[in-house]
1. With n ≥ 4 as the cut-off for DSSP H runs, can you work out [θ] at 222 nm for the protein assembly as shown, using -39500 (n - 2.57) per run divided by the number of residues, rounded to the nearest 500?
2. Based on DSSP, what percent of beta bridges with both residues in the protein assembly as shown are antiparallel, to the nearest 5?
3. Multiply the residue separation of B:N170 and B:E142 by 0.36 nm, subtract the distance between their alpha-carbon atoms, and state the gained length in nm to one decimal.
4. At 7 Å along Cα-to-Cβ for each site, give me the label-to-label distance between B:A149 and A:K355 in nm.
5. Using alpha carbon centroids, what distance separates region B:175-190 and region B:122-138, in Å?
6. Which residues of region B:276-296 end up with at least 40 Å² less accessible area in the presence of all protein chains than when their chain stands alone, using a 1.4 Å probe?
7. On a full-extension model of 0.36 nm per residue, what is the gain between A:N51 and A:S195, subtracting their alpha-carbon distance, rounded to one decimal in nm?
8. Accessible area, 1.4 Å probe, largest first: how do A:K319, A:K259 sort?
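The values are calculated or read from the model by the stated rules, or taken from the named source; none is laboratory data. Keep in mind the model is a prediction, meaning the values are calculated, not measured. Here the Cβ positions follow ideal geometry from the backbone for every residue, glycine too, while neighbour counts run over all protein chains shown. Protein only, heavy atoms only, side chains kept; ligands, DNA and RNA dropped before computing areas. Shrake-Rupley method; radii C 1.70, N 1.55, O 1.52, S 1.80 Å.
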Number of protein chains: 2
Amino acid sequence: MKRRDFIAGLGVGAVATGLSGCKAEESLTQNNTSNSTQVFNWTMVTTWPPNFPVLGTGAAELAKNIEKMSNGRIKIKIYAAGELVPALEAFDAVSRGTADMAHSGAYYWKGKNPATQFFGALPFGMNAQETNGWMYYGGGLEIWQDIYAPFNIIPFPAGSTGTQMGGWFNKEINSVADLKGLKMRIPGLGGEVLSRAGGTPVNIPGGEIFNALQLGQIDACEWVGPYNDKAFGFHKAAKYYYSPGWHEPNATLEAIFNKESFNALPDDLKSIIELACQAMNMNMLSEYVTKNHQALQDLKSEGEVQFRSFPDEVLAVLKEKSIEVVDELVASNKDVARAYESYKKFQDGVKEWHKISEEQFYSSR
Amino acid sequence: MKRRDFIAGLGVGAVATGLSGCKAEESLTQNNTSNSTQVFNWTMVTTWPPNFPVLGTGAAELAKNIEKMSNGRIKIKIYAAGELVPALEAFDAVSRGTADMAHSGAYYWKGKNPATQFFGALPFGMNAQETNGWMYYGGGLEIWQDIYAPFNIIPFPAGSTGTQMGGWFNKEINSVADLKGLKMRIPGLGGEVLSRAGGTPVNIPGGEIFNALQLGQIDACEWVGPYNDKAFGFHKAAKYYYSPGWHEPNATLEAIFNKESFNALPDDLKSIIELACQAMNMNMLSEYVTKNHQALQDLKSEGEVQFRSFPDEVLAVLKEKSIEVVDELVASNKDVARAYESYKKFQDGVKEWHKISEEQFYSSR
């Protein structure tokens, strides 16, 4: 009767379920593997408005891919900026464990450590292809993970914008003198560089830029590239669209994970997370390359936008000021110095290579 | 007794195993998912020599990633070129089901369908970033999968070389006249183009190129880029290293799957395969970007190699002949026409975008 009691305790349904589980365990045991079935219910916050094209939708796709690959063993509930915490508190939320993960950009966290900017975007820095080389094979990701470790956070690259545009202007920039007093929405290091070149950087949230531009409160703004910019309607509030995006030759997007949440996962789910992020890095860049060129064609065919390139003289001054800004940062902080040394070495080398490969090819075709 | 017989039939060990399986099923059922535990023992063939750097090692890493993410539910045994089937029989092996998958390049299969070349490399075509945009967001992968479907094969991009080098030469190319009679190892469409420009393309396997070059049986060869080329020692058999790789602005590598093998997988494993390939596409390009620039630095520091760029006049003729070759292909086959129409539309659009983004940025820094 002892045995019968034991079975009664399980219940018939459980025994039936146990049978299929049993078969499962046998086939896996034969193959020397184990199989965890614990379900992890995770929370993800982002720094993007709800359904924000490419960045927000990419974050949602990342979550969906992780769920699919894990067969539902990781379930992720996503909160857009402001839904659970404000955009700029995503880092702290993951650090504290309020959220298990976030999708974001490392340059937002320069207040935590100025070195984070090397993992986001750097004026006159590396483009997407180069940055990703540095991340995965040049030691960049290792330094990044070291710098986030004291915050209890593990980062992975999880998206690239590619080279951005230089921004929307209501006055032409024909010389450095035209930058004097220019009120431009341009945050981060780019803003600091503009300031040293005589301009007045203004930092206002994405949702308010259009009105500020239309009302003449600012003379210019930068955002991302043709696809995101067109969706915000900047072409209806500014005359000139400038290139290139000297301040953001690429922006890397990050997926960041609370250390305890990540480490609680079995190894297979850790691999799924890591490779889902790497796949999203490829996927988002591919989406931007496609949608940016299509939006550019639309903007051209509408015929209202006047496309301009920054004069060489202006770019030379912006570059000089960029070097100045980065040099000062490097002198101020040992993490910046470590990140910069690695970044710079890679950039110098890859620049020589791309000069005779990508660049020569572009100009030959 | 009926119930006891039933349990006796399972054996005590199985009951104990069944219990943990039972818990597993419960936790998964609560979350509306199911969990397959069948193990798939797969065979992978490649077109690469054993441990061939980046291409062969990348294929091995792809297999390892799939195993890790699936927690051993897919196990992949890899055979390098010639170990199970010769390199150029990999496609047939997957088609027949002799192998479940292969890692390879689509241009090898032009004998199956000339349209496959659009998914490998095209002279004066798109670089890696552009090709990947086309693949994932421009309809390229869909066309590719349609073209492989009659062969019982499902392809995914699973690697990019980036822009290759123009090759090693023992004579300088100062004008189109210097191409006349030039015996060069250059296969595929590039070879056809060279032939129309007056040269003599020679198709010899990788392992025999060095000797042919050193013995003067050929005047020139192309292979991949600095990293793979240096490993083959071409700098010891040729004087000049030419850029750019007009014939292969990128080569996409493929992971191809036998349709029945792929379709037998549960959905989570299908997702794992698909995203492992996308991650490897990013990973391999990053590895090439890194190792190519480092090998270039080594070649430069050794001081023996003379770097040269093809004169504009030569590139213009090669481009003209490339268009001619592709136009003839398009006229000959409806699959080529379909692939080309999609490819060309994307290329024309993305070219305009990269002109004001990537290209302008490269020249500004």
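1. Calculated mean residue ellipticity at 222 nm is -15500 deg cm²/dmol.
2. Antiparallel bridges: around 45 percent, rounded to the nearest 5.
3. Full extension from B:N170 to B:E142 adds 5.8 nm.
4. 4.9
5. 25
6. Residues losing area: B:Q278, B:A279, B:M282, B:N283, B:S286, B:V289, B:T290, B:H293, B:L296.
7. Gain on stretching A:N51 to A:S195: 48.5 nm.
8. A:K259, A:K319
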